[in-house]
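The values are calculated or read from the model by the stated rules, or taken from the named source; none is laboratory data. Note that the coordinates shown come from a computational prediction; the quantities given were computed from them, not determined experimentally. Note: ideal-geometry Cβ built from the backbone for every residue, glycine included; neighbour counts use all protein chains shown. Please note that ligands, DNA and RNA were not included when accessible areas were found on the heavy atoms of the full protein model with its side chains. Shrake-Rupley method; radii C 1.70, N 1.55, O 1.52, S 1.80 Å.
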Amino acid sequence: MNHSDTKQGIGAAVKRNEDERLLNGQGTYLADLEIPGTLEAAFIRSPVAHARLGAVKVPSEYSHHVFLAADLDFAHPIVAATDDPQFQSTKQFALAKDKVRFVGEMIAVCIAPTRAQAEDIAQSCELELDELPALWDMDVATAPDAPLIHEHWRDNVYLKTDVSLGDLERARKDATISLSKSLSMGRHGAVPLECRGVLAHRDRRLNELTVYSSTQFPHVLRTCISRAIDLPESQVRVIAPDVGGGFGAKGNFSPEELTIAALAMKLDQPIRWIEDRRENLIASPHAREHRYDVTVHANNDGLILGLEAMIRVDAGAYSVWPWTAAMEAGMVVGILPGPYHVPAYAAKSQSICTNKTPMGPYRGVGRTGACFAMDVMIDALARELHLDPADVRLLNLIKPEDMPYQSITGKQYDSGDYPEAARQALAAIDIDAIRSRQATGEKDDRLIGFGMSCYTEQTAHGTAEWVSRGLPVVFGYEPALARLTPDGKLILHVGIQNHGQGLETTLAQVANEELGIAVADVVVRHGDSSVSPYGMGTFGSRSMTMAGGAVSVACGQLADKVKRIGAHLLQTTADAVTLSDGRVHTETASVALNEVAEAATLHPERLPEGEEPGLDISAVYEPKRSTGAFSYATHACVMAVDPGTGEMEILDYVVVHDCGRMVNPMIVEAQVVGGVAQGLGTALYEEIPYDNNGQPLSSTFLDYMIPGCAEVPDVRMLHIETPSPHTKYGIKGLGEGGAISPPAAVVNALNDALKSLGADITQTPVTPLRVLEAIESGAVSPL
Amino acid sequence: MKQSVSLTVNGRPVETTVESRLSLADFLRLELRLTATHLGCEHGVCGACTVLIDGEPARSCIALTVSLGGAQITTLEGLADDPAMQIIKQAFHDKHGLQCGFCTPGMLISTRDLLKRTPKPSADAVREGLSGNLCRCTGYQGIVRAVLKAAEDLAAA
Ligand code: FES
Ligand code: FES
């Protein structure tokens with residue numbers, strides 16, 4: 001590598017390139033786009049959970065402003081199925097046909113010059129709906145006499161799975177304790193601050209349908225749209241402009257995207273839809289609603305001998321493309337043992353169809369639930385055995401000498417020292433001081449509790465992982481096109497989409513590492529299917545590893561060429577030069593990148609013999625092994641609870657984290673903290689409950705709480721850096737990790753605090769009311 | 001129903017006739033193309049749409065344009081040359097106080113107001129003072145650090 005200047009390369013806390021436009025209010029989000037003649041769309045969405053759809057009465061003056069399923073019958077429905085023959089799949093049409101299956105399902109689209117006018121038109125239409133029983137909960141949908149949501153199905157379950165690994169009989173026999181519990185997580189949303197949005201129009205000159213979407217995966221979306229409306233991919237372009245947060249909710253092919261694209265095509269008219277917050281909460285994919293029945297078999301020291309789990313996920317009314325309705329349960333089954341050594345394991349899962357908003361990926365995906373179930377069980381086991389939960393964890397955590405480690409479910413944990421993260425967290429939070437503070441008691445009579453949680457997170461899933469899941473797409477690689485301009489600056493064209501992760505900076509740092517070019521001289525172009533080679537997008541904690549790897553390969557090859565040309569200009573050989581500070585150096589002389597670039601682009605006569613002109617290099621990167629790079633962490637927190645009111649406060653929160661080699665520690669920390677805030681939302685605040693008519697009860701920010709500035713503590717963070725053996729520079733993904741452990745850590749801290757009252761919290765979000773209920777039931781039947 | 005109204009936006013007098021239901025946010029964004037003002041909820045909770053009305057921070061999504069006759073409206077665009085805002089922006093850059101940038105304009109305007117009223121806030125006071133602005137990305141830590149740094153830099157300026 002050629003870099004005497006490492007100050008901006010891998011490992012440097014470089015400030016972000018993207019800040020300037022965002023701070024100056026020049027970020028351009030979907031709603032800010034100006035395409036002349038654009039009409040705005042408002043959807044008529046189902047007000048009921050389950051009904052046969054009769055006529056939609058449209059006032060005659062609006063007959064050219066309102067469009068129904070029949071108007072878009074040329075668009076194919078969205079079908080997301082795994083390759084498991086048992087999977088029962090759904091067909092989600094752009095607009096509902098015949099039947100509606102959740103509150104918020106789209107029935108019609110109204111267009112007008114402003115959104116307000118489009119909403120007026122929507123208001124003036126009347127729906128004929130013949131209501132059917134609402135299957136508003138997993139238990140209701142799986143009751144023996146439950147009507148079918150999709151008439152051709154066997155039952156209301158997308159997929160049932162059943163695995164049994166290791167000698168569970170023996171574990172049951174050898175165990176001195178077998179502890180069972182039921183645990184559950186509430187349903188909630190991903191809730192990016194910018195809601196979703198789509199704008200589609202036909203570019204007449206190029207004969208191209210241009211679709212702007214607030215999406216995390218523009219190239220994949222292009223494929224979806226082209227297939228759904230039978231256009232060649234060469235006639236579809238998808239552009240994600242600035243995107244105001246995604247967190248998974250913008251990494252799906254949505255019926256809104258399909259409808260707007262199809263309608264813009266049909267009418268040859270620019271049309272835009274901007275989701276409002278109510279639509280976002282009721283109709284954007286939901287997250288997290290899992291129920292667990294777990295049994296852990298252990299000996300008297302707390303050593304885990306076996307684990308059994310029944311996992312049920314409320315996947316909602318349709319299977320979300322491409323992840324499928326079985327994604328959450330499937331991931332939980334695979335990762336439930338987590339960072340712990342589990343020698344015998346049996347898991348059954350059900351992905352259940354209900355009359356609710358479809359469930360899609362959200363930061364952490366199945367792992368937040370799996371970690372919650374596993375770590376709450378470990379604390380319960382420790383309480384039962386009168387052991388310290390920290391000791392039980394340390395006893396069961398996989399040891400560094402066992403790395404690489406194959407988990408019982410076949411996951412290949414690549415590297416790391418899990419117990420060390422736990423020990424560092426215990427030291428940082430000062431567990432001894434907390435225990436003595438607990439012994440002394442609080443002046444204000446609040447109760448103090450300590451909780452911790454450890455996870456391991458598969459990131460940068462490669463080909464092997466996606467193939468094993470049997471999804472419609474295998475997201476195994478990422479491309480980069482590195483282009484040196486005649487003035488010696490670099491443009492990186494990449495297939496990922498940056499929406500807060502800092503990739504316009506961190507990918508430039510990779511270029512700096514390889515080419516010695518200043519980060520400020522690198523422009524990262526992303527989020528546009530026409531500017532980069534085909535790429536998969538940003539999700540699954542993959543972009544830095546995958547696109548970073550691709551940028552590294554492309555820039556490495558570019559560096560070789562630059563050195564050859566630079567050496568020629570300096571009248572020496574390529575092995576005698578180095579690259580740094582934007583120049584090619586020999587010991588005594590140097591030539592600037594722009595002189596090299598000028599030779600390669602404008603003056604081929606200056607090139608060495610046999611050297612091709614041009615400085616564009618395209619590369620594709622796949623990690624050496626595609627089984628994933630495993631990041632891991634321990635979260636530790638201290639909570640105070642008022643047993644009289646149920647009010648809670650986070651007194652301290654520590655994260656000890658290992659995401660392999662850090663490209664930019666400033667960005668790493670901020671990604672972790674942002675994830676922790678969202679995890680605390682899952683733990684304490686966020687919920688979209690449904691009533692027994694299938695009506696969602698949180699549809700505004702007045703009844704749906706995301707954590708505010710006063711709710712999130714100052715997170716203290718420590719880093720371990722164990723490079724992944726499989727990836728370029730040893731990078732592991734980290735975007736999601738912060739959101740995995742908070743529910744487990746918080747619930748463990750609360751149960752520790754309330755131990756003397758016999759309270760047992762088993763459900764998120766933990767509201768003050770649920771604390772009081774747990775205290776009450778603890779008092780009725782003390783442990 | 002349409003009504004006419006005259007007001008001042010970023011120092012420029014504006015006379016217009018608008019629907020009486022048009023929010024200030026929509027007026028700024030759709031009619032004046034001032035798109036630094038973002039909409040995160042349109043019901044007065046998230047603070048993304050914060051602007052200054054007669055120098056006071058206000059939620060432009062729930063302010064009606066027609067009720068603002070004679071008012072002075074200032075958006076982030078109108079504070080481009082404001083020395084305090086430049087220092088605040090620099091601090092947000094230095095302390096990584098933004099990720100996707102969607103909450104950022106509202107956050108910057110609220111920060112400027114907070115530091116005017118409380119030039120040397122504690123970290124808790126910053127958290128309290130910004131509790132009306134939601135950010136889904138940062139977990140607020142970078143924002144709090146940025147505001148504390150801006151306070152120092154403003155004091156030194
Ligand atoms: S958009 Fe105005 S407060 Fe949320
Ligand atoms: S930076 Fe994304 S909402 Fe604040």
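Looking only at the stretch A:488-523, count every residue that is in a loop (DSSP other than H, G, I, E, B) and either more than 19 Å from the chain's Cα centre (by Cα) or more than 14 Å from chain B (Cβ to nearest Cβ) (or both) and tell me the total.
Adding up the residues that qualify gives 7.
Keeping to the stretch A:57-77, report how many residues are surrounded by fewer than 19 Cβ atoms within 10 Å (Cβ to Cβ) and of a type outside the set (Ser, Thr, Tyr). Quick ask: steps written out before the conclusion?
The first filter runs over the stretch A:57-77 and keeps only residues surrounded by fewer than 19 Cβ atoms within 10 Å (Cβ to Cβ), leaving A:57, A:59-64, A:70-71, A:73-74, A:76-77.
From the residues that got through so far, the ones that are of a type outside the set (Ser, Thr, Tyr) too are A:57, A:59, A:61, A:64, A:70-71, A:73-74, A:76-77.
Qualifying residue count, the stretch A:57-77: 10.
What pairs come up if the first residue lies in the stretch A:714-741 and is closer than 9 Å to A:GLY660 by Cα, the second is open to solvent by 20 Å² or more (accessible area, probe 1.4 Å) and part of a helix (DSSP H, G or I), and their beta carbons are under 6 Å apart, counting only those six or more places apart or on different chains?
A:ILE731/A:MET544
Look through the stretch B:108-120, keep the residues that are under 28 Å from A:VAL191 (Cβ atoms) and out of contact with any Pro (no Cβ under 7 Å at 6 or more places or on another chain), and return whichever of them is nearest to the other protein chains (Cβ to nearest Cβ). It would help to see each step written out before you state the result.
Residues of the stretch B:108-120 under 28 Å from A:VAL191 (Cβ atoms): B:108-114.
Those still in the list that are out of contact with any Pro (no Cβ under 7 Å at 6 or more places or on another chain) too: B:108, B:111-112.
On the way: B:LEU108: 7, B:THR111: 11, B:ARG112: 13 Å.
Restricting to residues being under 28 Å from A:VAL191 (Cβ atoms) and out of contact with any Pro (no Cβ under 7 Å at 6 or more places or on another chain), the top hit is B:LEU108.
Does A:GLU504 satisfy the criteria of being more than 16 Å from ligand 2 (Cβ to nearest atom), touching a residue at least 40 places away in the same chain (Cβ under 8 Å), open to solvent by 10 Å² or more (accessible area, probe 1.4 Å) and in the same structural domain as A:HIS585 (by TED's automatic domain parsing)? Working first, answer last.
On the way: more than 16 Å from ligand 2 (Cβ to nearest atom): no; touching a residue at least 40 places away in the same chain (Cβ under 8 Å): yes; open to solvent by 10 Å² or more (accessible area, probe 1.4 Å): yes; in the same structural domain as A:HIS585 (by TED's automatic domain parsing): yes.
So A:GLU504 does not fit the description; no.
Taking into account only those residues within the stretch B:14-36 that are over 9 Å from B:THR65 (Cα atoms) and part of a loop (DSSP other than H, G, I, E, B), which is nearest to the other protein chains (Cβ to nearest Cβ)?
Going through the qualifying residues, I end up with B:ALA36.
Cβ-Cβ below 6 Å, separation at least six or inter-chain, first residue in the stretch A:344-366 and under 17 Å from A:PRO192 (Cα atoms), second part of a strand (DSSP E or B) and among the small types (Gly, Ala, Ser): which pairs?
As it stands, the answer is A:TYR362/A:ALA287, since those pairs meet every condition given.
Exactly one condition in (1) among the charged types (D, E, K, R); (2) without any contact (Cβ under 8 Å) to a residue 60 or more places away in the chain; (3) within 26 Å of A:THR764 (Cα to Cα) is not met by A:GLU233; state its number.
Here A:GLU233 meets the rest and fails (3).
Which count do you get for residues in the stretch B:123-157 that are surrounded by fewer than 19 Cβ atoms within 10 Å (Cβ to Cβ) and more than 12 Å from every other protein chain (Cβ to nearest Cβ)?
7
Having 1 or more residues that are of a type in the set (Phe, Trp, Tyr) is the bar; report the strands (runs of 3 or more DSSP E) wholly within the stretch A:266-344 that clear it.
Numbers: elements: A:271-274, A:290-298, A:304-314.
Output list reads A:271-274, A:290-298.
Go through the stretch B:35-52 and report how many residues are away from ligand 2 (no atom under 16 Å from the Cβ) and open to solvent by 30 Å² or more (accessible area, probe 1.4 Å).
1
Identify the residue in the stretch A:731-754 that is at pLDDT below 95 and open to solvent by 10 Å² or more (accessible area, probe 1.4 Å) and, among all such residues, is farthest from A:VAL365 (Cα to Cα).
Here the answer is A:LEU734.
Just need a number here: residues in the stretch A:98-131 that are open to solvent by 30 Å² or more (accessible area, probe 1.4 Å), within 25 Å of A:SER698 (Cα to Cα) and within 14 Å of chain B (Cβ to nearest Cβ).
Final tally of qualifying residues: 5.
With respect to A:GLY556, is the statement that it is open to solvent by 10 Å² or more (accessible area, probe 1.4 Å), closer than 26 Å to A:VAL14 by Cα, at pLDDT below 95 and not aliphatic (A, V, I, L, M) true? Spell out how you get there, then give the answer.
Numbers: open to solvent by 10 Å² or more (accessible area, probe 1.4 Å): yes; closer than 26 Å to A:VAL14 by Cα: yes; at pLDDT below 95: no; not aliphatic (A, V, I, L, M): yes.
Judged against the criteria, A:GLY556 is not a match.
Being hydroxyl-bearing (Ser, Thr, Tyr), buried (at least 22 other Cβ atoms within 10 Å of the Cβ) and either within 16 Å of ligand 2 (Cβ to nearest atom) or within 14 Å of another protein chain (Cβ to nearest Cβ) (or both) is the filter here; which residues of the stretch A:690-730 pass it? Before you say what the answer is, go through the steps one by one.
Going through the stretch A:690-730, the residues hydroxyl-bearing (Ser, Thr, Tyr) turn out to be A:690, A:698-700, A:704, A:722, A:724, A:727, A:729.
Next, only the ones that are buried (at least 22 other Cβ atoms within 10 Å of the Cβ) stay: A:690, A:704, A:722, A:724, A:727.
Correct list: A:TYR704 only.
Looking at A:ALA31, A:ALA80, A:ALA12, A:ALA41, which is the one that is surrounded by 14 or more Cβ atoms within 10 Å (Cβ to Cβ), closer than 30 Å to B:ALA146 by Cα and in contact with a strand residue (DSSP E or B) (Cβ under 6 Å, 6 or more places away or on another chain)?
A:ALA31
With (1) in contact with a Lys or Arg (Cβ under 9 Å, 6 or more places away or on another chain); (2) open to solvent by less than 20 Å² (accessible area, probe 1.4 Å); (3) within 14 Å of chain B (Cβ to nearest Cβ) as the list, and A:SER46 as the residue in question, which single condition is left unmet?
So A:SER46 meets the others, but not (3).
When the residues of the stretch A:467-487 are filtered to those that are in a strand (DSSP E or B) and open to solvent by less than 10 Å² (accessible area, probe 1.4 Å), which remaining residue is farthest from A:PHE217 (Cα to Cα)?
If we filter the stretch A:467-487 for residues that are in a strand (DSSP E or B), which is where we start, we get A:478-484.
Of the ones still in play, those that are also open to solvent by less than 10 Å² (accessible area, probe 1.4 Å) are A:478-480, A:482, A:484.
Working: A:GLU478: 12, A:PRO479: 13, A:ALA480: 15, A:ALA482: 20, A:LEU484: 26 Å.
Here the residue is A:LEU484.
Find the residue count for the stretch A:161-194, including only residues that are under 24 Å from the mean Cα position of the chain (by Cα) and open to solvent by 40 Å² or more (accessible area, probe 1.4 Å).
Filtering the stretch A:161-194 down to residues under 24 Å from the mean Cα position of the chain (by Cα) leaves A:161, A:183-194.
This time we only want the ones that are open to solvent by 40 Å² or more (accessible area, probe 1.4 Å), so: A:161.
So the answer is 1.
Yes or no: the stretch A:543-551 includes at least one residue that is surrounded by fewer than 21 Cβ atoms within 10 Å (Cβ to Cβ) and in contact (Cβ under 8 Å) with a residue 12 or more places away in the chain. So that I can check it myself, show each step before the final result.
Residues of the stretch A:543-551 that are surrounded by fewer than 21 Cβ atoms within 10 Å (Cβ to Cβ), as a first pass: none.
No, the stretch A:543-551 contains no residue that is surrounded by fewer than 21 Cβ atoms within 10 Å (Cβ to Cβ) and in contact (Cβ under 8 Å) with a residue 12 or more places away in the chain.
Can you tell me which of (1) in contact with a strand residue (DSSP E or B) (Cβ under 8 Å, 6 or more places away or on another chain); (2) in contact (Cβ under 8 Å) with a residue 60 or more places away in the chain is the one A:ARG101 doesn't meet?
Here A:ARG101 meets the rest and fails (1).
Can you tell me which residue among A:ILE491, A:ILE517 is β-branched (Val, Ile, Thr), under 17 Å from A:GLY582 (Cα atoms) and free of Cβ contacts under 8 Å to residues at least 40 places away in the same chain? Walk me through it before giving the result.
Numbers: A:ILE517 fails: free of Cβ contacts under 8 Å to residues at least 40 places away in the same chain.
Result of the check over A:ILE491, A:ILE517: A:ILE491.
Could you grab the pairs with beta carbons closer than 7 Å, sequence gap of 6+ or different chains, first residue in the stretch A:392-419 and farther than 19 Å from A:GLY730 by Cβ and at pLDDT 95 or above, second one among the polar types (S, T, N, Q) and surrounded by fewer than 22 Cβ atoms within 10 Å (Cβ to Cβ)?
Here the result reads A:GLN406/A:GLN412, each pair linking the stretch A:392-419 to a residue that is among the polar types (S, T, N, Q) and surrounded by fewer than 22 Cβ atoms within 10 Å (Cβ to Cβ).
Being more than 16 Å from ligand 1 (Cβ to nearest atom) and within 14 Å of chain B (Cβ to nearest Cβ) is true for just one of A:ALA141, A:ALA134, A:ALA190, A:ALA146. Which residue is that? Spell out the reasoning first.
Details: A:ALA141 fails: within 14 Å of chain B (Cβ to nearest Cβ); A:ALA134 fails: within 14 Å of chain B (Cβ to nearest Cβ); A:ALA146 fails: within 14 Å of chain B (Cβ to nearest Cβ).
Residue meeting the stated conditions: A:ALA190.
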